[in-house]
Amino acid sequence: MQKYQTAAARILLALVFLGLVILRLIAIMNHPNGYIDYQVTLGTVGLASIFAPLLILVQLVAGLGLLFGYRTKLFAYLLAGLALFLAIVLGRFQPEVMFLYFGITGGMLLLAAHPQTSFSLDNAKK
């Protein structure tokens, strides 16, 4: 039973970031100035426009890596760092978001400490 719980945790944590990326890409595609609007939104929280493609790329690649269980430890640490960064940056404007990202950071660190989950490409290699 525990092996299914860890796989479910890995997949659900991956879906947090993949869901955000998918919603963001849909918003960008559905509006003529969607990408520019996204960059402006990042600017309002103090991030340079260069972060727009980087955030999308990191969340997409690392989220897919976690979803399939590929290099779980690496992507869990990467997303833990991203979640901590977002908690600090976004927490200045929305304290409730800060606590959500702190919780996601904790989940990612726990996943990095126990990266061997069932239904993953990491385990298929062995």
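The values are calculated or read from the model by the stated rules, or taken from the named source; none is laboratory data. Predicted, not measured: the structure shown is a model, and the values here were computed from it. Reconstructed Cβ throughout: ideal geometry from the backbone, glycine too, with neighbour counts over all protein chains shown.
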Task: Cross-chain or 6+ apart pairs with Cβ under 6 Å, the stretch 56-68 first and farther than 25 Å from TYR35 by Cα and touching a residue at least 40 places away in the same chain (Cβ under 8 Å), then basic (Lys, Arg) and assigned to a helix (DSSP H, G or I) - done: LEU66/ARG10
Open item on the list: One residue is enough: does the stretch 45-60 have a residue meeting the conditions more than 16 Å from the chain's Cα centre (by Cα), part of a helix (DSSP H, G or I) and at pLDDT below 90?
Closed with: no
Task: So PHE85, is it over 14 Å from the mean Cα position of the chain (by Cα) and either buried (at least 19 other Cβ atoms within 10 Å of the Cβ) or among the aromatic types (Phe, Trp, Tyr) (or both) - done: no
Task: Filter result (loosely packed, with under 13 Cβ neighbours inside 10 Å, modelled with pLDDT under 90 and closer than 21 Å to THR41 by Cα) within the stretch 88-126 - done: ARG92, PHE93, GLN94, PRO95
Open item on the list: Please count how many residues of the stretch 81-126 are hydrophobic (A, V, I, L, M, F, W, C) and not in a helix (DSSP H, G or I).
Closed with: 2
TODO: Search the stretch 37-49 for residues that are closer than 19 Å to GLY91 by Cβ and pair each with any residue that is among the charged types (D, E, K, R) when their beta-carbon atoms are under 9 Å apart and the residues are at least 6 apart or on different chains.
DONE: VAL45/ARG92; GLY46/ARG92
- [ ] Kindly check whether there is at least one residue in the stretch 17-38 that is within 17 Å of ALA112 (Cβ to Cβ) and surrounded by 16 or more Cβ atoms within 10 Å (Cβ to Cβ).
- [x] yes
Open item on the list: Take ILE22 and tell me if it is more than 14 Å from the chain's Cα centre (by Cα) and of a type in the set (A, V, I, L, M).
Closed with: no
TODO: State all residues of the stretch 65-79 that are surrounded by fewer than 20 Cβ atoms within 10 Å (Cβ to Cβ), assigned to a helix (DSSP H, G or I) and in contact with a helix residue (DSSP H, G or I) (Cβ under 7 Å, 6 or more places away or on another chain); if no residue qualifies, say none.
DONE: LEU67, PHE68, LYS73, TYR77, LEU78
